[in-house]
Amino acid sequence: MKPETYQRFTEHVRSWAVADPDVIGLVAVGSMAERDRSPDEWSDHDFWVVAGAEAVAAIRDDPSWLPDDDRIILVYDETEHGRNVIYDDGHLIEFAVFAHEELEITRANDYRVLVDKADLETRMAAIVRASARHDVDEATIFGRFVGQMVIGLTRYGRGELLSADSMIRKWALENLLTLIGRILPPETDTRLDNLDPRRRFEAAFPVLGERLNDAATLSGAAAVMIDIAEEHLAGVPSNTEAVRATLRNLLARAARAHDPDN
């Protein structure tokens, strides 16, 4: 999407929120907030609408208030409060609608209050502070990483490749990236997303990102992840050589079971 079209979409939604008496506020999140980065041609629109309780369902379920609604090809439920809308050019709008008293159930980092009829700025600042707190310690996150690797590798050995791939390259990788983001200084001046450890990882850690992305096979990815844990996460108390050796041995067993010629 061209920058001028993106801004036109944003302004359409903002003007609608200003004019609609049922809308209490409009909060842009993600790239739409335009905090540390400007939207590019791949950026979606991601925002929250805060409204009176009696109007929430109508706003959420009838997105005709969106710009160019005649070009919408699909609307579907993404969360209890959120809907995703896809346009005929592939542009995505992710919006959620909250009653005034529901706002504190959210989590946020980058945000910009576009319409504020009820002191939402103060509440959003508190939400961001709460979202940034680390409620889980590094040892627990590492334990989850190891457990998910074990589950994934045993499924790999059994031949359940789709399930193993999801467990290793999604869930275990997410915990590994979380630990890297907490413990290592970025290789560049890029700031990681504290709610999604995958976002902007390659920009912040280009060397590690390349290693992880270059692992074409599931067994290769698992091996790289174990190596990275050994090389960079020595400060986590539960990250012992015995744990890593167990993972390596399990990986070797699973590879042999899945491919007898390996």
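A short reminder: the numbers here are calculations on the coordinates, not readings from a lab. Keep in mind that this is a model prediction, so the values were computed, not measured. Ideal geometry is used to build each Cβ from the backbone, glycine not excepted, and the neighbour counts take in all protein chains shown.
At-a-glance table
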| read-out | value |
| --- | --- |
| Whole-angstrom gap from the stretch 198-257 to the stretch 129-184, using each part's C-alpha centre | 11 |
| For E4, E102, order by how many other beta-carbon atoms lie within 10 Å, fewest first | E4, E102 |
| Neighbour-count ranking [beta-carbon atoms within 10 angstrom, fewest first] of H45, H91 | H91, H45 |
| Relative contact order of the stretch 1-62, pairs being alpha-carbon contacts under 8 Å that are 6 or more residues apart, as % | 35 |
| The chain: relative contact order as a whole-number percent, Cα under 8 Å and 6+ apart | 15 |
| Residues listed by number, the stretch 205-233, amide nitrogen under 19 Å from V150 label point at 7 Å toward C-beta | 222-223, 225-227, 229-230 |
| The chain: Rg to Rh, with Rh as the Kirkwood radius over Cα pairs | 1.05 |
| Whole-Hz ³J(HN,Hα) from phi, Karplus 6.51 cos²θ - 1.76 cosθ + 1.60, for the stretch 36-45, glycine and proline x | 8, 8, 9, x, 10, 5, 9, 6, 9, 9 |
| The chain, helix-only ellipticity at 222 nm - DSSP H runs n ≥ 4, -39,500 (n - 2.57), divided by all residues, nearest 500 | -14000 deg cm²/dmol |
| Rounded to whole Hz, the Karplus (6.51, -1.76, 1.60) HN-Hα couplings of the stretch 11-25, x for glycine and proline | 5, 4, 5, 4, 5, 4, 5, 5, 7, 7, x, 7, 8, 9, x |
| Karplus-derived HN-Hα couplings along the stretch 71-82 (A = 6.51, B = -1.76, C = 1.60, θ = phi - 60°), whole Hz, x at Gly and Pro | 9, 6, 9, 7, 10, 8, 6, 9, 9, 4, 9, x |
| Using a Förster distance of 30 Å, the FRET efficiency for L184-E104 (Cβ separation, nearest 0.05) | 0.40 |
| Label zone at D69, where the point sits 7 Å out along the Cα-to-Cβ direction: the stretch 78-112 residues whose backbone N lies under 19 Å | 78, 82-89, 91-98 |
| Selected from A125, H81, T140, residue furthest toward positive end of dipole (the chain; charges at beta carbon) | T140 |
| Label-point separation in nm, D22 to R253, each point 7 Å along Cα→Cβ | 5.9 |
| Residue exposure sequence - L74, L26, L103 - by fewest surrounding Cβ within 10 Å | L74, L103, L26 |
